[in-house]
Amino acid sequence: MLAALPGATIQDGGRFGHQRHGVTPAGPMDWAAFQTANLALGNKPGAAALEIGAGIELACLNAPLPLAFCGGAYEWRRDGHSLPSSARLVLQPGETLSCRPGPQASREFWGAWTYCAVAGGFATPPVMGSRATHTRSHLGGIDGRMLQKGDQLPAASNDAAILAVTREEGEIDATWLTPHRSPAPINLRVIPGPQDDYFSREMIERFYAGPFRLTPVMDRMAYRLEGPKIVHAKGYNIVSDGIAEGAIQIAGDQQPLVLMADHQPTGGYPKIAHVIRADLGHLAQARPGASLRFTSVTLTEAREALFALEAAILTTPRSIRPFYRPPTTESLSRVNLVDGVIDALS
């Protein structure tokens with residue numbers, strides 16, 4: 001690792017089955033982008049990958065490394081040459097790969113996380129059955145912390161995955177269409193409750209009317225919103241109960257707090273609704289200043305949305321297309337640039 005700005009960690013599908021012991025699942029903030037990057041390499045959906053916030057720069061050591069990246073609007077470069085924001089390639093020993101957040105256009109606030117997967121996944125030591133990093137409890141990844149300059153990340157040996165990526169020279173450097181990842185106005189679908197009875201009908205209507213603005217107070221644990229005050233009808237203390245990713249708490253400040261991948265296992269504030277899993281990635285990719293609204297849906301509608309997104313992710317291999325790479329002396333030497341002699345007068 002040549003450079004690692006804040007927010008870079010190793011994440012896999014998450015550390016599940018331990019919340020009753022107070023252990024947070026962690027895992028990717030944008031699970032759809034995470035799975036797409038792994039799928040482009042033929043990895044298992046939960047293979048450990050790099051989650052990147054503010055940016056990284058790394059170098060390949062020892063052997064060619066097939067990798068893929070996907071996520072928000074980031075600028076990727078290989079040895080200084082620009083790459084698509086979603087791509088698959090083989091990094092050769094000595095080559096460098098870097099990424100930084102892309103420009104924040106006036107019409108959108110989108111692109112807070114991106115993912116870099118390698119063939120077979122990263123082989124950091126598993127803790128409680130997972131390689132996911134949870135920095136608050138110092139679990140997973142490398143010493144349970146964010147990545148830093150000088151870290152060496154071991155890639156798992158997976159000959160089958162490497163062969164699948166490199167079987168045809170024209171498919172090594174490739175990108176793909178991701179219509180389900182296009183930035184759009186952030187209208188988050190939610191399932192009401194379970195403590196929506198702590199709010200009057202007027203306050204619930206106010207919650208859905210919005211809009212709310214995403215504040216800079218945001219990290220892997222929670223995103224704090226700012227907007228119309230949502231006043232409690234029964235106070236804001238409840239008996240602590242389990243927390244799921246996407247829960248929207250309304251605490252004493254009367255503003256929504258959406259709990260994300262590193263959420264606490266239990267909480268004692270009323271939860272007015274939960275963001276559905278299909279929309280968690282869109283929320284995770286929002287940048288401070290983004291405008292958000294909430295729309296109530298049924299459990300059946302939430303399931304249908306999830307199945308539709310999962311189906312869209314599975315189309316990734318079919319949409320992979322080669323992208324242009326600047327020619328090198330080596331690549332030109334492998335190509336016959338002369339195709340016979342033509343007489344201009346004939």
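The values are calculated or read from the model by the stated rules, or taken from the named source; none is laboratory data. Values in this document were obtained by computation on a predicted structure and should not be read as measured data. Neighbour counts run over all protein chains shown; Cβ positions are idealised from the backbone, glycine included. Areas reflect the complete protein model, heavy atoms only, side chains present, ligands, DNA and RNA absent. Shrake-Rupley method; radii C 1.70, N 1.55, O 1.52, S 1.80 Å.
Just a few scattered comments:
- Anchor K149: lysines whose Cα lies under 30 Å away (excluding residues fewer than 8 positions away in-chain): K44
- Charge dipole (the range 1-99, unit charges on Cβ, about Cα centre) - positive-most of Q35, P84, H21: H21
- Near A47: Cβ cut-off under 11 Å, other residues only, Lys/Arg at +1 and Asp/Glu at -1. The net charge is +1.
- With θ taken as phi - 60° and the Karplus curve 6.51 cos²θ - 1.76 cosθ + 1.60 applied, the whole-hertz 3J(HN,Hα) list for the range 186-199 is 8, 10, 8, 7, 9, 9, x, x, x, 10, 5, 6, 7, 10 Hz, x standing for glycine and proline.
- For peptides 291-297, 256-262, sequence by mean Cβ density within 10 Å, most packed first: 256-262, 291-297
- Protein heavy-atom surface of the range 1-146, 1.4 angstrom probe: 56% of the accessible area is carbon and sulfur, with nucleic acids and ligands not counted.
- Cα-based Rg of the range 266-319 normalised by 2.2 N^0.38 Å, two decimals: 1.42
- A straight chain from R100 to Y208 at 0.36 nm per residue would run longer than the Cα-Cα distance by 35.4 nm.
- Applying D = kT/(6 pi eta Rh) to the range 60-132, where Rh is the Kirkwood radius over alpha-carbon pairs, T corresponds to 37 °C and eta to 0.692 mPa s, the Stokes-Einstein value obtained is 238 µm²/s.
- In the context of the full set of protein chains, the range 4-68 has a per residue accessible area of 33 Å² (1.4 Å probe).
- Sequence ranges 269-282, 301-314, 74-87, 126-139, ranked by mean other-Cβ count within 10 angstrom, highest first: 269-282, 126-139, 74-87, 301-314
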